[in-house]
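*Asks:* This is the structure, below, for whatever I ask next.
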Amino acid sequence: MSNRDTAGRRILMLGGTSEARALAGTLTDAGYGLITSLAGRTAAPRSLPGNVRIGGFGGSTGLADYLRANAIDLLVDATHPFAAQISANAVEAAREAGIPLLRLERPAWDRPSGANWVETGCIEDAADALPKGALALLTVGRQELAPFAARTDCRFVARMIDVPDRLPDDWVAIAARGPFTLEGELRLLTDYQITHLVTKNSGGAQVGAKLDAAAKLSIPMIVVARPHLPAAETLASVDDAYQAIIRVFRTD
Ligand code: NAP
């Protein structure tokens with residue numbers, strides 16, 4: 001690709017995922033003018049190649065205003081598959097601003113063979129699905145803990161990137177960020193004598209070892225299905241997203 005195709009091309013990427021970080025490296029190396037946007041939820045986000053802005057835009061209208069004010073040529077939604085609001089806003093804002101939108105979304109996990117896998121439509125149903133007396137490993141993120149705190153008949157080991165200041169006294173909190181290995185996940189499930197795994201179907205290899213570990217130990221898993229997102233051209237890998245971006249800007 002010639003510099004003519006990348007120079008002066010301005011891309012806003014909605015980030016917050018490892019895929020967004022990887023794509024940011026590829027795009028800045030290729031010479032695109034990249035701004036990655038983060039919601040600001042993580043206390044100490046990892047550094048990112050290119051420019052970074054932090055905080056909400058003020059809905060789809062605010063995002064559309066930002067796209068126009070910053071002369072953005074392409075919007076890339078590389079947010080987490082469960083970040084449904086910002087993905088809906090991206091579709092609306094790109095339409096309003098009259099620019100193309102690409103979505104980078106890692107494929108969902110499939111049930112490991114032989115796994116005891118119960119799928120639920122929302123986080124509240126996942127909390128309801130736990131039997132009384134369960135000792136569950138929770139990997140749903142710190143914003144989704146409330147329905148589990150209401151299950152005072154169960155105990156929890158909650159793993160997340162940032163541990164909130166307040167958690168029920170009998171919970172074990174583990175602050176950790178992937179990637180996680182199969183060996184490490186087997187050790188965690190065994191050491192804490194976990195009876196159930198609760199997770200969102202985030203997908204991706206970096207945090208997927210827990211499913212294989214739970215299947216190996218015959219631990220039932222309760223998996224929250226992904227939210228429905230409005231249609232957009234969607235790429236499943238960083239490489240595919242990069243190729244699609246090249247096609248958007250191809251001038252010859
Ligand atoms: P959400 O519910 O879809 O979005 C709520 C609001 O947060 C949006 O309306 C927007 O505010 C703001 N926002 C979200 N992502 C943003 C971004 N990348 N840049 C600027 N503003 C953003 O999102 P969420 O589920 O809270 O996720 C927030 C961030 O954490 C996302 O970047 C996502 O990739 C990351 N993340 C989420 C999860 C998860 O399980 N949900 C897991 C890992 C990482 P305005 O309307 O004011 O613009």
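Where a number appears in this text, it was derived from the coordinates with a stated rule and is not lab data. Keep in mind it's a predicted model, so treat the numbers as computed, not measured.
*Asks:* Angle between the Cα long axis of helix 84-97 and the longest principal axis of the chain, 0 to 90 degrees, nearest 10?
*Replies:* Long axis of 84-97 versus the principal axis of the chain: about 10 degrees.
*Asks:* If you line up the Cα atoms of the chain on their principal axes, what length do they span on each, largest first, in Å?
*Replies:* 62, 34, 31
*Asks:* So who's got an amide H within less than 5 Å of the one on Asn51, skipping anything under 5 residues away but keeping other chains? H placed 1.01 Å off N, in plane.
*Replies:* Distant-sequence amide H within range of Asn51: Leu34, Thr36.
*Asks:* If you plug each phi of segment 11-16 into the Karplus form 6.51 cos²θ - 1.76 cosθ + 1.60 with θ = phi - 60°, what whole-Hz ³J(HN,Hα) values come out, in order, with x for Gly and Pro?
*Replies:* 10, 9, 10, 7, x, x
*Asks:* So what are the three principal axis dimensions of segment 39-93 from its Cα atoms, in whole Å, longest to shortest?
*Replies:* The Cα atoms of segment 39-93 stretch 28, 25, 17 Å along their principal axes.
*Asks:* So, one more: What share of Cα pairs, in percent, lie more than 24 angstrom apart in segment 104-231?
*Replies:* Numbers: 1751 of 8128 pairs.
Value for segment 104-231: 22 percent of Cα pairs lie more than 24 Å apart.
*Asks:* Can you work out the base-10 log of I(q)/I(0) for segment 1-121 at q = 0.11, 0.15, 0.22, 0.24 1/Å, using the Debye formula on its C-alpha atoms alone?
*Replies:* -0.41, -0.70, -1.29, -1.47
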